[in-house]
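Structure first, commentary second.
The values are calculated or read from the model by the stated rules, or taken from the named source; none is laboratory data. From a predicted model like this one, the values you see are computed outputs, not experimental measurements. Glycine also receives a Cβ, built like all others from the backbone with ideal geometry; neighbour counts cover every protein chain displayed. When the accessible area is computed, the model is the full protein with side chains, heavy atoms only, and any ligands, DNA or RNA have been set aside. Shrake-Rupley method; radii C 1.70, N 1.55, O 1.52, S 1.80 Å.
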Amino acid sequence: MVRVSGGTGSEMTSQAKPEATLPNGLKALMSRAGSKDKAPPPVDKWNPPFCGDLDIRIARDGTWFYLGSPIGRKPLVELFASVLRKDEDGKHYLVTPVEKIGITVDDAPLLAVEMAVENEGADRQLTVRTNLGDLVRIGNDRPLRFEKEPDSGGIKPYVVVRGRIEALFTRALMYQLVEHMVERQGEKGLETGIWSGGQFFAVDPELL
């Protein structure tokens, strides 16, 4: 495991006591926290070597932790999120041009916290905002999917934000989404789901 530290560690949390130095790529990245440059890095085009796991965890409620303590600086969280990537192995990594570092994600790394609705029926367009400010128009390129909530037995909606990175709908937003569910006659019979961006996202009957 890569252990993080050095003087830059205090930028992440005042409680954590760093034990080693940050990987060089992340050090350079942290120096840009608060920068006005909002252009997303081309992380999907970078193929650096894997250099171990970092003690960073994203909790189910969207809080980022470093060495067990919350990362208090939102610009730093936004910066780390901009280089977050989920690979084919199902794991999440922070990716810079020179290194690929594994982190822990309890559920989805982002939360869908707000939703705008345009039009009705098959013409409906849903747009969600994530807890870190991403705006996502749900449709063919940014699909919805649904899973079962283990604790309540209800449904958990997710939307693709970029690449394989997803946002989990907060419980409050999930209830708003459910209000727009409709039924239609599909190839396999009656389906329940959501229209958005010209696409119908059906819910598995076992989840209902």
Residue satisfying condition, being modelled with pLDDT of 95 or more, more than 14 Å from the chain's Cα centre (by Cα) and outside any strand (DSSP E or B), within set Leu126, Leu173: Leu173
Residue pairs meeting the criteria (Cβ under 8 Å; at least 6 apart or on separate chains; first free of Cβ contacts under 8 Å to residues at least 40 places away in the same chain and among the β-branched types (Val, Ile, Thr), in region 117-129; second open to solvent by less than 20 Å² (accessible area, probe 1.4 Å) and in a strand (DSSP E or B)): Thr127/Val136
On the given criteria, is Val95 aliphatic (A, V, I, L, M) and more than 18 Å from Tyr66 (Cβ to Cβ)? no
In region 80-99, anything open to solvent by 20 Å² or more (accessible area, probe 1.4 Å) and among the β-branched types (Val, Ile, Thr) is listed as Val98
Failed condition for Glu166, given (1) loosely packed, with under 14 Cβ neighbours inside 10 Å; (2) acidic (Asp, Glu); (3) outside any loop (DSSP other than H, G, I, E, B): (1)
What tally of residues in region 105-139 results from selecting those that are more than 24 Å from Ala59 (Cα to Cα), exposed (fewer than 15 other Cβ atoms within 10 Å of the Cβ) and among the charged types (D, E, K, R)? 3
In region 149-163, the residues that are exposed (fewer than 13 other Cβ atoms within 10 Å of the Cβ) and either assigned to a strand (DSSP E or B) or among the small types (Gly, Ala, Ser) (or both): Ser152, Gly153, Gly163
